[in-house]
Amino acid sequence: MMTLGGMAAAVGLVIDDAVVMLEHMVRRMQEHGTAKAATLLDAAAEMGKPLLGSTTATIVVFTPLAFISGVTGGFFKSLAVTMVACLVVSLLYPTLELTVPLFLGTGGIDQDTPPRMQAALVRDMCAAGTRVTSVLYPDLNHREVVPFSPQDSIPFLRAAFAGEELAGNCDALPFSMNR
C-alpha cells in the first residue's frame, strides 16, 4: 500500500513540475508575443534549475527513510524507494539515451521492482536510442539477480571495455510488459 502511495505522490510531484514549467513557458510566450524556440528554450532553462532543486530536495528528504529499521522502517521503505526511484527516473527521462551500452538483469519474480516496470524502462531507453542488453532471469527475485548475472554481465563488460560494438537486444527483449 505504501508503494502505491509513493507512486501517487511521485506522480503528483512530477505532474506539478510539468505544470509549473508549462505555465512559465506560456507566460514567457505571452510576454514576448511569440512561440519561437529560443523563447521557449530560455523559459525552460530559467525554470529548470529551481525544479531540479526542488526535486533533488525531495529525493534527499525521502532517501533516509529507506534505511530506517524495525517495523517503522519496513512500513516506510517501500514508500521511500518508490518515491526516490520515480523522481530519479523523472530527472533522467529526457536523457534516457546513454552514450554507453547498458546491461540490465531482471528477476522474473522480482517484487521490489516488478518486471513490467523494468520492461517499460528498457523500452523507453531503447526508444531513446540507448543500446540495452536486457537479460531475464525468470526464477530469480531482485536480490538473487546480482549473484547469478555475472555469467552474462562479465562478458558484456569485457566487450564494452574492449571497445567492441554492442548492439543490445532492443529488437528482441526477453520479457513482456504483462509480467
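What the table shows:
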| quantity | calculated |
| --- | --- |
| Qualifying residue in region 88-98 (condition: at pLDDT 85 or above and either within 22 Å of VAL11 (Cα to Cα) or assigned to a helix (DSSP H, G or I) (or both)) | no |
| Answer residue from region 60-87, given it is of a type outside the set (A, V, I, L, M, F, W, C) and under 17 Å from the mean Cα position of the chain (by Cα) and is surrounded by the most Cβ atoms within 10 Å (Cβ to Cβ) among those | THR82 |
| Residue in region 126-146 that is surrounded by 16 or more Cβ atoms within 10 Å (Cβ to Cβ), within 24 Å of LEU4 (Cα to Cα) and touching an Asp or Glu at 6+ places or on another chain (Cβ under 6 Å) present | yes |
| So ALA10, is it assigned to a helix (DSSP H, G or I), under 21 Å from ASP124 (Cβ atoms) and either modelled with pLDDT under 80 or not assigned by TED's automatic domain parsing to the domain that holds PRO114 (or both) | yes |
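The values are calculated or read from the model by the stated rules, or taken from the named source; none is laboratory data. These figures come from a predicted structure and were not determined experimentally. Because the Cβ atoms are built from the backbone with ideal geometry, glycine has one as well, and the counts that use them run over all protein chains shown.
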